[in-house]
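Encoded as structure tokens, the structure appears first; notes follow it.
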Number of protein chains: 2
Amino acid sequence: MIKTLIGNKDFIESLRGKKATFMLAMSNTKTADIEGITQAGIPGLIHLTPTLDSEFICSGEVRSLEDIAKTPKGVPTPALITRAVHLLSSFGRIELLNLGMEVAPKVKYFKQHSFDIKPSHRIDTNAQIAAETLFQRGVEFGEAYICKDEYIILGESVPSGTTTAKATALALGYQAQNYFSSSFKEVPHSIREETITKSLENITQNDTIYDKLGKVSDNMLIFNAGFIYGLNNRVEIVLAGGTQMACVLLVLNSILKERQTTFDTSNIALCTTRWIAKDKHSNIKALLEMLDFPIQAYYASFDFSLTTHPALKLYDEGEAKEGVGAGAALIYASLHGITKEAITRQIESFLIS
Amino acid sequence: MIKTLIGNKDFIESLRGKKATFMLAMSNTKTADIEGITQAGIPGLIHLTPTLDSEFICSGEVRSLEDIAKTPKGVPTPALITRAVHLLSSFGRIELLNLGMEVAPKVKYFKQHSFDIKPSHRIDTNAQIAAETLFQRGVEFGEAYICKDEYIILGESVPSGTTTAKATALALGYQAQNYFSSSFKEVPHSIREETITKSLENITQNDTIYDKLGKVSDNMLIFNAGFIYGLNNRVEIVLAGGTQMACVLLVLNSILKERQTTFDTSNIALCTTRWIAKDKHSNIKALLEMLDFPIQAYYASFDFSLTTHPALKLYDEGEAKEGVGAGAALIYASLHGITKEAITRQIESFLIS
């Protein structure tokens, strides 16, 4: 069930049976308002996706809308996968990181870390993020954070986050033109590429790393790079995601280089889905190999071969791939002895009603 | 598996996967010696029920008698349910609260909190409880108590406890005549009502709240109201029971009103069984709605539809409903991914031998 992408199995095996805190980092970028740029959500209500995702993984209910976020083709959010795992072999707790949301989730009793961060702007016209301050907030959060379980799983829900991630990597000088994923099977290159190209035109030669991030990135990428830096390797952390989480590491890598400092990354791994690992339109391994520090990465071999539900089959066809920590959740399930059959049935139970 | 009776799902969902300390509050009232007033135990040996219940949930054995407590019709104690859950997805620990028992349980290594409290007397002739002192002991226990798990499940085992609970609520002035449950399907109204009526005749106009409690209540109700007050909302507590636990809250409510003090109850919930939630002879929801503070309440949808065992079927027929924290234990199982099927088979295994 667990496949190694980079490194060896020991890190992930050492977490077998251990409880994790599942933390969901959420932010909105107005980049998602560009028509047709993402299919991670309901057209016109894309900004609600992280709100609904977090409500669903916590409570099993979507409260800020009647129905759970679906893509236009009817691909259900990967939050279904994460919730199913939580029901079958629960996380130690779920905590929410509000990194600039249009609408805060309507859940009580779950720890919500808020920092009074505003949603970021469209990258084609300048995201206007105070990147250095935001990174520093992440650092301070990481320094102060006390994990009440044995390790952290850090997922994300950021609509159009792969677009901002790609722009970020390119702005930072990584040769990552063909490596970024998308929530689409057939990526609408024109809109997305046009947006990225425009965003990069705003970068000038004198821009510092933080100037660049402030123009083309998103809150999740910057804050989480700081969070990881602030944790300083003192607790194991699984970055639960695909190319966006790889980009968090690229941001961290660039900042470490700029600061000319070394950093122990032995307690960091990235965990994703097979849909990302085997995606022909992106290359997460290539992204991770650009890092100057060693990293370990894994993916869950889980697929929807045991279901006949057409909406779920779309995952196997490449229409949705990752998000809301789905890949790491599937690995967590595997580390707790939960079968593919059980996960499939649990996910189906959310859809058949 | 988990249904909401009052409030929303968030409190109980936030406990998903977390370990709880299961605490069993036990006391004897000589009210149970009144012939025919309860079927929670073996005739002539009713006073042993909490002793046997606690021995069984801790060790899987009954030590102070050859056989586990059964009602005259052969309904087995709900301790079977709680023990089954503990075997399938264990509590963090079990602790025992001896609030005045005829016979202390024969278990070692399990924390037994003892306070040198004596069993209370028959309420028809005056229970003779030093109620204010007892409440204060509960407060001090709550103030000092350190929970070693993430939350507390507080169950009870008090034979004829619904009789003393009803008398208590009425003595405190709640219009609760038709709201209290009983271990019987066909409640022997004459004996029970006669006892309650007699007990209330001892109440005089000048009685303080503690005078009233001292005459008609039981140790469990008074101590636990103090315990909750002393905890002061600093740790989540699930009151595991039916109308008796609702009465604990009514006692607390009256004391808060008398003291003219406010109290944060956001970390308190009541969890019970479907047999209580759907009982036509009682109304736990109405009891909880009499409280001046907000409370959240849930019940386990578990029933014995998956068994053919006649003794267990009696639960679905209304002959036993709750006790020894059974409802909260079933919810705990659900929060740890245990199926109805698994619970049913485990409970059956105690009976078929």
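Summary table below
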item	result
Residues within the stretch A:111-124 that are within 14 Å of another protein chain (Cβ to nearest Cβ) and surrounded by 20 or more Cβ atoms within 10 Å (Cβ to Cβ), tallied	0
Search result, residues across the stretch A:74-85 that are within 13 Å of chain B (Cβ to nearest Cβ) and more than 26 Å from residue A:117 (Cβ to Cβ)	A:84, A:85
Filter pass, residue A:203 being open to solvent by 30 Å² or more (accessible area, probe 1.4 Å), aliphatic (A, V, I, L, M) and out of contact with any helix residue (DSSP H, G or I) (no Cβ under 8 Å at 6 or more places or on another chain)	no
Residue B:323 closer than 20 Å to residue B:22 by Cα and assigned to a loop (DSSP other than H, G, I, E, B)	yes
Qualifying position, being more than 14 Å from chain A (Cβ to nearest Cβ), open to solvent by 20 Å² or more (accessible area, probe 1.4 Å) and either more than 30 Å from residue A:338 (Cβ to Cβ) or without any contact (Cβ under 8 Å) to a residue 60 or more places away in the chain (or both), among B:274, B:345	B:345
Single residue of A:209, A:237, A:222 found to be at pLDDT 95 or above, crowded, with 23+ Cβ neighbours inside 10 Å and farther than 21 Å from residue A:6 by Cβ	A:222
Residue selected from the stretch A:1-57 under the condition open to solvent by less than 20 Å² (accessible area, probe 1.4 Å) and among the charged types (D, E, K, R), by the criterion farthest from the other protein chains (Cβ to nearest Cβ)	A:53
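Conditions tested, residue by residue: (1) modelled with pLDDT of 95 or more; (2) open to solvent by less than 30 Å² (accessible area, probe 1.4 Å); (3) aliphatic (A, V, I, L, M).
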{"position": "A:280", "(1), (2), (3)": "no, no, no"}
{"position": "A:287", "(1), (2), (3)": "yes, yes, yes"}
{"position": "A:290", "(1), (2), (3)": "yes, no, yes"}
{"position": "A:295", "(1), (2), (3)": "yes, yes, yes"}
{"position": "A:301", "(1), (2), (3)": "yes, yes, no"}
{"position": "A:304", "(1), (2), (3)": "yes, yes, no"}
{"position": "A:315", "(1), (2), (3)": "no, yes, no"}
{"position": "A:320", "(1), (2), (3)": "no, yes, yes"}
{"position": "A:325", "(1), (2), (3)": "yes, yes, no"}
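Residues are listed down the side, and each one gets a yes or a no for (1) surrounded by fewer than 16 Cβ atoms within 10 Å (Cβ to Cβ); (2) in contact with a helix residue (DSSP H, G or I) (Cβ under 8 Å, 6 or more places away or on another chain); (3) within 14 Å of chain B (Cβ to nearest Cβ):
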| position | (1), (2), (3) |
| --- | --- |
| A:98 | no, no, no |
| A:109 | no, yes, yes |
| A:126 | yes, yes, no |
| A:145 | no, yes, no |
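The values are calculated or read from the model by the stated rules, or taken from the named source; none is laboratory data. It should be emphasised that the depicted structure is a prediction, and the values quoted were computed from it without experimental measurement. Neighbour counts run over all protein chains shown; Cβ positions are idealised from the backbone, glycine included. Note: accessible area is taken over every heavy atom of the protein model, side chains too, but ligands, DNA and RNA are not part of it. Shrake-Rupley method; radii C 1.70, N 1.55, O 1.52, S 1.80 Å.
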